[in-house]
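See below for the structure under consideration.
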Amino acid sequence: MNRSRFTRHAVAAAFSAAALSFGLATSASAADITLKYAFFAPEGTFPGQQMMQWAKELEKRTDGKVKVDTYAGGTLLGAREMWEGVTMGVTDIGLSAPSYDPGRFPLTAGMALPLAFPDATTASRVLWEVTNEFEPKEFEQYKVIAMFTSEPGYLMTREAVRSSDDLDGMRVRATGSGVPVINALGGSAVGMAMPEVPQAVQTGVVDGVMTSREVLQDFRLAESLKYVTDYPMVVTTFAAVMDKNRFEKLPDDVKQVIEELGDEMHAWTGHYHDVENVQGALKWSADEHGLQIVELSDDEYAEWDAKLEPLVNQWIEEANKRGLPGSEYIERVVELRDQQ
Ligand code: DTR
């Protein structure tokens, strides 16, 4: 008989798999829980920093009863596999971007329209509040443990873009709701997830990107992209989710800390991203790579606004037609956006 089958570790591991489906630690005293938390991009990026902050706070506030094992950089799951990965139990918690996949998250897609959010702090607060108020069906099988957004995306390009004419035919990387925005302004949108972007920029597959500006430093894009056009476009939404049934099986005190953190993470992340991450990256890009900010003329600015406005109305119409509360959602988003 193989004696090793009777080690404490083997017994605990077998018990954990059968009974809890969370890792049950071998220590006899505390009923420790280990949660796996997966994200598709590197730990140093702002969503990755959010994950690390959440993990640290959960461990602290549960007095070490819960341990979080983080898997950044797509080591466990990539951006598009994340949602299934959570359902199938590959990870306990998965962080990905609903706005990469508007078909799957049809109501939340409304947050990533050109709605002139001033910054990530505001958009993150609005996203958290509308999700709690509307409880979109698309999150039905999940417990949403945190939500936040990037700042609105900006055009970052190899050649300066001062007008729609400059953008005409330019290949610009965008995602989800960013694709129609770039196309409406005359560019040619190329869709891809963030981890694929540095190579696409280096090899000239794209002439620029539209996303939040910290990528200039965090993904070293300022080495090739020397111009930012000062026109805020659309935010990217992020959600960290857990399978609902798994969440329900957690002890009440742990669930309570998770709820508490959910109410805090949007503000923590928005502040970190807006104030440290983006501003730091702009300074670094200017100092190290001579980044230049391109201002649009007032006429051009107004023209771009006019080109993007129909996208919001189109989305509302289509959402309403599909039986979603499209009008109410956007109305509430705008109302919350303007509340301080
Ligand atoms: N704007 C989205 C999301 C995004 C912005 N910064 C990061 C960093 C890591 C992952 C995703 C993002 C995008 O362009 O993909």
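Could you check how many residues of segment 66-102 are part of a loop (DSSP other than H, G, I, E, B), away from the ligand (no atom under 16 Å from the Cβ) and open to solvent by less than 60 Å² (accessible area, probe 1.4 Å)?
Residues flagged as part of a loop (DSSP other than H, G, I, E, B), away from the ligand (no atom under 16 Å from the Cβ) and open to solvent by less than 60 Å² (accessible area, probe 1.4 Å) within segment 66-102 amount to 4.
Run down THR229, THR269 and say which single residue is closer than 30 Å to LEU35 by Cα and either within 20 Å of the chain's Cα centre (by Cα) or touching a residue at least 60 places away in the same chain (Cβ under 8 Å) (or both).
THR269
Taking segment 249-263, which residues are free of Cβ contacts under 8 Å to residues at least 40 places away in the same chain and among the acidic types (Asp, Glu)?
ASP252, GLU259
Which is under 18 Å from the mean Cα position of the chain (by Cα) and either buried (at least 21 other Cβ atoms within 10 Å of the Cβ) or closer than 19 Å to ALA222 by Cα (or both), of VAL161, VAL197?
That would be VAL197, the only listed residue that is under 18 Å from the mean Cα position of the chain (by Cα) and either buried (at least 21 other Cβ atoms within 10 Å of the Cβ) or closer than 19 Å to ALA222 by Cα (or both).
If you scan segment 48-65, which residues turn out to be within 14 Å of the ligand (Cβ to nearest atom) and closer than 15 Å to THR91 by Cβ?
Hits for segment 48-65 are GLY48, MET51.
Given the residues VAL334, VAL294, VAL278, which is the only one that is touching a Leu at 6+ places or on another chain (Cβ under 8 Å) and touching a residue at least 40 places away in the same chain (Cβ under 8 Å)?
VAL334
Being within 23 Å of VAL181 (Cα to Cα) and either assigned by TED's automatic domain parsing to the domain that holds GLN141 or surrounded by 20 or more Cβ atoms within 10 Å (Cβ to Cβ) (or both) is true for just one of MET265, MET233. Which residue is that?
Of the residues listed, the single one that is within 23 Å of VAL181 (Cα to Cα) and either assigned by TED's automatic domain parsing to the domain that holds GLN141 or surrounded by 20 or more Cβ atoms within 10 Å (Cβ to Cβ) (or both) is MET233.
Residues are listed down the side, and each one gets a yes or a no for (1) open to solvent by less than 20 Å² (accessible area, probe 1.4 Å); (2) free of Cβ contacts under 8 Å to residues at least 60 places away in the same chain; (3) under 15 Å from the mean Cα position of the chain (by Cα):
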{"site": "THR108", "(1), (2), (3)": "yes, no, yes"}
{"site": "PHE117", "(1), (2), (3)": "yes, no, no"}
{"site": "GLU133", "(1), (2), (3)": "no, no, no"}
{"site": "TYR142", "(1), (2), (3)": "yes, no, no"}
{"site": "PHE148", "(1), (2), (3)": "yes, no, yes"}
{"site": "GLY153", "(1), (2), (3)": "yes, no, yes"}
{"site": "VAL172", "(1), (2), (3)": "yes, yes, no"}
{"site": "VAL179", "(1), (2), (3)": "no, yes, no"}
{"site": "ALA189", "(1), (2), (3)": "no, yes, no"}
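Starting from residues that are more than 22 Å from ARG80 (Cβ to Cβ) and in a strand (DSSP E or B), keep the ones in segment 205-245 and report whichever is nearest to the ligand (Cβ to nearest atom).
Per the criteria, the residue is GLY208.
The values are calculated or read from the model by the stated rules, or taken from the named source; none is laboratory data. Remember, it's a predicted structure, so these values are computed and weren't measured experimentally. FYI the Cβ positions are ideal-geometry reconstructions off the backbone, even for glycines, and counts take in every protein chain you see. Ligands, DNA and RNA are excluded from the accessible area calculation, which covers all protein heavy atoms including side chains. Shrake-Rupley method; radii C 1.70, N 1.55, O 1.52, S 1.80 Å.
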